[in-house]
Amino acid sequence: MAEQRGTVGGPVLTEWFGRANLHKLEVYEKLGGYEGLRKVVTGMSAAQVIDEVKASGLRGRGGADFPTATKWSFVPKDHPGPKYIVVNADESEPGSAKDRYLMENSPHALIEGAAIATFAIGGHQAWIYIRGEYDLPYEKLRDAIAEAHAKGHLGDHPFGTDYPLDIRLYRGHGAYICGEETALLESLEGKRAQPRSRPPFPAIKGAWGQPTAVNNVETLSTVPWIIRHGGAEYAKRGTEKAKGTRMVTVSGDVQKPGNYEIEIGVTYRHIIEELAGGPFPGRKVKVFWPGGSSAKVLPGSMLDTSTDLDGLKALGTMGGSGGIIVMDDSHCVVKGAARLLRFYAHESCGKCTPCRVGSNWAVRTYERILANEGSQIELALLDRVQQGLQGGRCLCGLGDAAGWVIQSTMNHFRNEYEEHCLHHTCSVEGALIHA
Amino acid sequence: MSALSSHLLEEIKALPAKYPQPRSAVMPALDLAQEELGHLTPEAMSEVAVALQLDPGYVEGVATFYTLFHLEPVGKHRFYVCTNLSCMLRGAEDVVDRLKAAIGVREPGEVSKDGLFSYEEVECLGACEYAPVVRLDHRYEVDLTRGKIDSLVNDRRLVRSHVKTGVRSSLDTTPEPPRKKPVRRTKKSG
Amino acid sequence: MPDVKMVNVTIDGHVVTVPDGTLVVEAAKLVGIEIPVFCYHHKLDPVGACRMCLVEISPGPPVAQAGCIRPVADGMVVKTQSAMAVQARADILEFELVNHPLDCPVCDKGGECPLQDFTFRHGYPTSRIDGPRLHFQKPIPLSPNIALDRERCVLCYRCTRYYDEVAWEQELTVAERGVHSVIASQFDQPLTSNFSGNIIDLCPVGALTSRLWRFESRPWDLHHTPSVCSKCAVGCNVTLWQRRGQLVRVTSRENDDIDEGWICDRGRFDYTDVNDPARLRVPAVHGSKTTWAVALNTVADGIKGKGSKLGISLPQDLTNEEAFLFRRLLDGPLRGAKVKMHGRTALPAPSGEQLMIKDIDDARVIIIVASDTENDVPIVNLRVKKAVSKRGAKLIVIHPDAVDLDRHRETVHIRNQPGEAAAEVRKLADHELLHEPGGPVAILYGDGRGSEDAAGLVAACTELAAKVGAKLMPLYRGTNERGSLELGVAGWDSLDGVEALLSWGPPPTAGVPASVKFHAVWDHLPRPEHQNASVVLPATSFAERQGSYTNLEGRVQFLRPAVDAEAPLKESWDVLCELAAALGLPLDYVGIFPIQREAAKAFPALAALAQPPSPEPEPVPVLMGPARP
C-alpha cells in the first residue's frame, strides 16, 4: 500500500509525505529528519525536551488525550533501574488506521520520536508493541531501526554521544485490549492481556515493573517536528486549548475514504464532505462516529461540530483515536451497533464482570432484535445493559465504550430501534439480514 | 519424537535472554512454533513451556487468549476477513459469502478439502480506508471485490498445481484421514 | 519498622484511623462494614476484576469505584450506601447471574455462598434476566478430589491467582477470552499439586467443590469443630465437619501465625478412613471379639517384664497427653522397651532461640537444608514462597534433587551429594547472599529423610547461624515429633530382634520383625499385618481424639473431637490408663483435663496445656444492613 490516499500535505505529520522512499533513512535525513534527535542528545537536557513538548501543548493521540509532556514528567527522575518508553502501535480501534499509515510511510519519524521520548524520561530503551496483523509496518520499522543503528543514530553512541539509545519491536497476537496501556504492558511481559488495576500507575511500575511511559505512534511521530520547529510553532495550530494537528481516518460511506491530517478545530463537515468527498450521490450522512467506534455517535445534523477535543468532550463524545466512521441513510443503525457490540464482546478480555457478561448479553439481545424477535423487553434490556457497562463499573474503558455505542445510537435513533423491536421491520435496509 | 524440530527448540531456548524478563519470550516462541506446524498442538505448547521453563498451563492460557494463535488445523493460506463496521458498510458480508463459495467451506475455521484454504472473520484490521480488507499470507489485500476474491483464490490454486507443497491435492484419490474433532472450546465471537 | 503514616477516613459516617495505603475494603472491616467482594481475598494480590465492591468515594470522579484496589487517603469519604453505590453493586450482581445456572437447591455451596448472600443483601429484588444462558460441560473433574462447574463460575480468578502467587504453579489457568473465558487445568490433565484443595475454600461460589463431599449434605446440617491437622508437624488449623457420626469435610481455619488459611491436600482430603465401614471397633484376642478387660490383660501378659525384648511402634500423631502417659509406662513396667516412632526425623530436640513460622515473612535470606519442604512441611513451604515472591527474600536450597522451590528462577539450589549437606552448609558462610543480607536470615533444616547425619548437620547449621546471625528451625516431619521429644519419648530405636511387639497405629514401616512371638495391635483400621496378631485393639482416629500437639516451632495446639468415640471405642488416654493398671501401675484419671494439668506442671514446654483457649474468636458484628436498590 505504498499509494498515499487522501493526504492533503498537512504541515506536521505528513510534511514530507509523497516524497519517494521516505521510509529510507537517506531520504528522511536529507529532508531534515533526525535533526530533532541530534539536537536533543547533543545539546538539550531531558527537562528542556519536556519543556519544549509542554510548550507545544501536544496531547496523546491514542484516544486518552492526556498531555504528553506531563506523562513524561511523571516518570521518576532518580529511579535506579531501567526506564522504558513503550510505543503503543497496537492500533485496533474500528475505524482507525492512521498509525498504520504513519508507520508505513514514515517509520523513521516514529523511531526518532521514540528515541527523543526515551531521552526525555532519562531512559535508554524503547519498545514498540505493534499489532501482529501489521506485517508491512513491522517490516518497515524493523528495516528502519536497522538503518538507524547502522548509521549510528541509535546504539551506544548516538550522534557521537555517550547516551545509549535502543528501540526494539514486539509483535502482538490479536487482542484489541492491548490498546489499553496496562493490558499492553501485560502482553509485553508475556501474559494474558488483562488491564491492571491502578495504582500503581505505569509511570511508577510499568513494563517489567519499571517506570514506563506508554505513548501512541502518532503522538511520538509528532515530536521530532516539535523539536525541530519549537513547541511554540506547533502551538500556533489548533484551537486555544487543543493545539496542533492530528490524523484522522475517514471510512465507511464516503467517496474518498482515507487518512487526512487536519488542524484541530476544523469541522467534521470539512473532513467528511470536502476531504473525504462526502457521501455517495443521492445519499446523505445519517450518523458518524467522531473518534473511533468507542466515541459516542453524532447524527448527520451535527456535521458542523468542531474537532476541538474539549468541545467534543462537552458533547459527551470524544476525538478519540481519530477514526471517523460515516454511515449514510442506506444503512441501518441497529445493525451497525449490533456489529460493534459483537466486536466489543469478542474483544472483552474477560477480566471484569460487566464487560465480560454485559457485552455478550447485549449481543444476544441484538441478535433477537435482528431476528425479528424483539419487543419492549429487548428495548428495556439494552437500556439496562448500557447503564450497567458505564459509570466506573469496569476496570478499563472497553466496557464503557460498548455501553456508549448502545446508549448513543439509541439516544439519536430510538425510532429505528423501536421499528425493529416493536414492528419487526427496517425501513432503512428493507428485508432484514440476520446478524 | 518431539512435535517441534530440535533447531527450533534451540532457537526458542535462546529467546528469553532477549527480554528483561523471560516470560516475554512466550509469544515469540509460540509464533515460531505456529510458523513451523501451522497450528499449536498441546504437544507443541508443552514443548515450548519446557523450553522456556514454564508450566504448560501458563502457555496454554496465553495461546488461547490471542486470536492469532490457532489451536485447530488451518489452511495453508488463511484469509482473515475484516467484517467490522467500516468493512461491513462497504460489503464485507458479500466478501465472506463469495470467499466461502470460492474455497468451498461452510464456516470460519473449516479447512478446504485440498487443505489450501481456511478463513476467519476478524475484527478491524486497521486499514479502514481500503475497506473491505482481508489479510492473506502476511499481506493486506484491499478494496476487495468478488472478482478480486476469485483471483486471490485461483492464483494460489495455480501455484499449488505447479509446486509440490506436500498438501493434499484435490486430485488425490486416497481417502481423506478422519478429521480430528476439536477437543474443546472453539473461538467464536460474542 | 519505619513509621507508618496514619490517615483518617470516613466510611458511612464512621471515622476510622488506618495506616496509609490500607485498602478501602479493609478499612471498612475495621468499623464492621462488610463491602461485598468476590475477587478480593485478603491473602491474594488485589486485581479489581469482579467489581462487586463498588462504592462511592469522594474526592474523586462521579462514578462508582472499586474499594478492593483503592488505597485510602487522608480525608477520604467513602459511602457504601449511597444511591450510586447501591445501584452499581446491584448491576454487578445482575450481571453475575446472567449466565449463572441458579441450581442453588443442588449446589454444595448453597447456604455458605457469597453469591447467594450478596444477591439477597444487595441484588435487585426482581429478575430481568431473559433467554438462554451459556452452557458448559459439567461437572469437570479437575482431579480425583475436585470438581469444576464452569456454569457457576463468576471468574473471580481467586483459584488461578492462588495457584500462581501462593503455590507457584500454573497447572490451573484461565483459558480463552471474554465471555468464553474458562478456568481450566492444563490440557485438561488432572491437577497434581499438593496444594490444590485450597481453591475449594477460596471459591466464592459453587464452581469448585470437593468430590469427596459432593452432594453429601447441606452445609447447615453439619456440625463443625475447630481442630488441628494431624498429618504433619506444621500444625495447620482446620475445621472438622461432622454429620451423623461421619466426618464429611475438612476445611482450613485461618491462623496467621501458622497457616494463613492454607492447608495441604493431605490435610484436606485424607480423612475418609474415619468413616470406613471396616473400622475396628471391638477388641479381639486371637481373632475372637472380646471385652477391653480381657484384651488388655492379654496384652499386659504378653509385654510385661520383657525389658529390651519388647518393641513398641508409635504413631507420629501421638498426642502430648498420650505421650505423657506412655512415658509413665516406659519409666515403670515397660522400662527398657525399644520404641520406634513412625515417619519421624532423626533431628534432636531444639535448643536456643527458635525461628517461628511467622518470622519467615520478614527474612531476607532463607536457607533450606536437606528437606523437601513441599512434602515434608507443605505449609511452611508456602510461607517460604510468600517471603520470596511477595517480600523479595532470597532463597538458598541445599538438596540433592530437584525441588518445588526451584520454580523461582532466582532460587540458588546447591545440589549436594547425599550425606554431604553439612559440608555444603559450612561453605555457605562466605556466600555472597549472606554478606549483607539486609535483614533477618532464616535457616530451616531437615534430616534428608535419613540420608544426612542429623547431629553433624545440626552442628553445621548452628555454627552458620552463629556466624551470620540467623535463627534456626528444625523441620520435623512427625506430627507430634517435637512434643514427644520434649516429653522424653524419642522413638529412634531399632525394633530388630524384639520378641514382643506392641504396634500402635500403622504397622512398623520395616514390617513386623520375624523375631516377634507376641504381637499386639492398636489401630483404627484392619490391615494385612494384623493377620498373626495375638490381640487387636480398636483405636480412635484423629477425628475422635482429644488432646494436644506441639508443632515444629514448639506451639501447643488443641485437637478437638469432631466425632464421638462411641462405645466400645475407648479414648486412648483411657486405654493407656487401663493398660497401666493391668501392668500393675495405677494411673487413675477421670478425664483428659487432669492429665493436661499434670503434664503442664511437669513440663514447662507444655505449660499451655493448663488453660485450653476458647476455640473460636468472637464474631465481628456487621453494621451494614441489607441495601437493595
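The values are calculated or read from the model by the stated rules, or taken from the named source; none is laboratory data. Quantities reported herein were computed from a predicted structural model and do not represent experimental measurements. Every residue, glycine among them, receives a Cβ derived from its backbone with ideal geometry; neighbour counts consider all protein chains shown.
Data table
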read-out	value
C:ARG482 of a type in the set (D, E, K, R) and buried (at least 19 other Cβ atoms within 10 Å of the Cβ)	yes
Answer from C:LEU579, C:LEU587, C:LEU537, C:LEU583 - the residue that is modelled with pLDDT under 95 and in the same structural domain as C:SER313 (by TED's automatic domain parsing)	C:LEU587
Some residue of the range C:340-349 being of a type outside the set (Lys, Arg) and without any contact (Cβ under 8 Å) to a residue 40 or more places away in the chain	no
Some residue of the range A:247-254 being in contact (Cβ under 8 Å) with a residue 40 or more places away in the chain and away from chain B (no Cβ under 11 Å)	yes
Residue within the range A:162-171 that is modelled with pLDDT of 95 or more, in contact with a Pro (Cβ under 6 Å, 6 or more places away or on another chain) and over 29 Å from A:LEU22 (Cα atoms) present	no
Residue that is farthest from C:VAL384 (Cα to Cα), among those in the range C:406-452 that are surrounded by 14 or more Cβ atoms within 10 Å (Cβ to Cβ) and within 14 Å of another protein chain (Cβ to nearest Cβ)	C:HIS413
Index of the failed condition, C:ASP103 passing every other in (1) more than 13 Å from every other protein chain (Cβ to nearest Cβ); (2) crowded, with 23+ Cβ neighbours inside 10 Å	(2)
Filter result (crowded, with 24+ Cβ neighbours inside 10 Å, of a type in the set (Ser, Thr, Tyr) and within 14 Å of chain C (Cβ to nearest Cβ)) within the range B:59-86	B:THR64
Hey, B:GLU93 closer than 28 Å to A:SER330 by Cβ, crowded, with 21+ Cβ neighbours inside 10 Å and either facing another protein chain (nearest Cβ under 9 Å) or within 15 Å of the chain's Cα centre (by Cα) (or both) or not	no
Residue among C:THR160, C:THR126, C:THR119 that is closer than 27 Å to C:ASP91 by Cα and without any contact (Cβ under 8 Å) to a residue 12 or more places away in the chain	C:THR126
Members of the range C:150-178 found to be more than 7 Å from chain B (Cβ to nearest Cβ) and in contact with a Gly (Cβ under 7 Å, 6 or more places away or on another chain), listed by number	C:ARG152, C:LEU155, C:GLY178
Residue list for the range B:121-130, filter: in contact with a strand residue (DSSP E or B) (Cβ under 6 Å, 6 or more places away or on another chain) and over 16 Å from A:HIS173 (Cβ atoms)	B:GLU121, B:ALA127, B:CYS128, B:GLU129
Test: B:PRO132 is out of contact with any Pro (no Cβ under 7 Å at 6 or more places or on another chain), assigned to a loop (DSSP other than H, G, I, E, B), more than 10 Å from chain A (Cβ to nearest Cβ) and surrounded by 22 or more Cβ atoms within 10 Å (Cβ to Cβ)	yes
Top-ranked residue in the range A:379-435 [being without any contact (Cβ under 8 Å) to a residue 40 or more places away in the chain and among the β-branched types (Val, Ile, Thr); ranked as farthest from the other protein chains (Cβ to nearest Cβ)]	A:THR425
Selection from the range C:275-329 of residues that are within 28 Å of C:ARG243 (Cβ to Cβ) and part of a helix (DSSP H, G or I)	C:ASN275, C:GLU321, C:GLU322
All positions within the range C:487-507 that are surrounded by 15 or more Cβ atoms within 10 Å (Cβ to Cβ) and either under 14 Å from C:ALA337 (Cβ atoms) or not assigned by TED's automatic domain parsing to the domain that holds C:GLU571 (or both)	C:VAL489, C:ALA490, C:GLY491, C:ASP493, C:LEU495, C:VAL498, C:GLU499, C:ALA500, C:LEU501, C:LEU502, C:SER503, C:TRP504
Subset of the range B:25-58 (residues that are within 10 Å of chain C (Cβ to nearest Cβ), acidic (Asp, Glu) and more than 15 Å from C:ALA175 (Cβ to Cβ))	B:GLU43
Those residues of the range A:117-131 which are under 12 Å from A:GLU91 (Cβ atoms) and either in a loop (DSSP other than H, G, I, E, B) or not assigned by TED's automatic domain parsing to the domain that holds A:ASP78 (or both), in sequence order	A:ARG131
Candidate set from the range A:133-157 (those that are outside any helix (DSSP H, G or I) and under 14 Å from A:GLY33 (Cβ atoms)); member that is farthest from the other protein chains (Cβ to nearest Cβ)	A:HIS153
Subset of the range C:66-93 that is more than 7 Å from chain A (Cβ to nearest Cβ) and in a helix (DSSP H, G or I) - its residue that is surrounded by the fewest Cβ atoms within 10 Å (Cβ to Cβ)	C:ALA83
Selection count, the range C:93-105, where residues are aliphatic (A, V, I, L, M) and either touching a Cys at 6+ places or on another chain (Cβ under 7 Å) or without any contact (Cβ under 8 Å) to a residue 12 or more places away in the chain (or both)	1
Selection within the range A:25-84 - among the charged types (D, E, K, R), within 22 Å of the chain's Cα centre (by Cα) and in a loop (DSSP other than H, G, I, E, B)	A:ARG61, A:ASP65
Residue in the range C:57-65 that is assigned to a loop (DSSP other than H, G, I, E, B), at the interface with chain A (Cβ under 8 Å from one of its Cβ atoms) and among the hydrophobic types (A, V, I, L, M, F, W, C) present	yes
Number of the condition not met by A:PRO224 [criteria: (1) farther than 21 Å from A:PHE17 by Cα; (2) in contact with a Leu (Cβ under 8 Å, 6 or more places away or on another chain); (3) modelled with pLDDT of 95 or more]	(1)
Pair list, Cβ < 9 Å and 6+ apart or interchain, from the range A:300-328 residues that are more than 14 Å from chain B (Cβ to nearest Cβ) and in contact (Cβ under 8 Å) with a residue 40 or more places away in the chain to residues that are in a helix (DSSP H, G or I) and among the charged types (D, E, K, R)	A:GLY319/A:LYS313
Contacts under 7 angstrom Cβ, first residue in the range A:259-279 being of a type outside the set (Val, Ile, Thr), partner in a helix (DSSP H, G or I), 6 or more apart	A:ASN259/A:LYS98; A:ASN259/A:TYR101; A:ASN259/B:GLU129; A:TYR260/A:ILE271; A:TYR260/A:LEU275; A:GLY278/A:ILE272
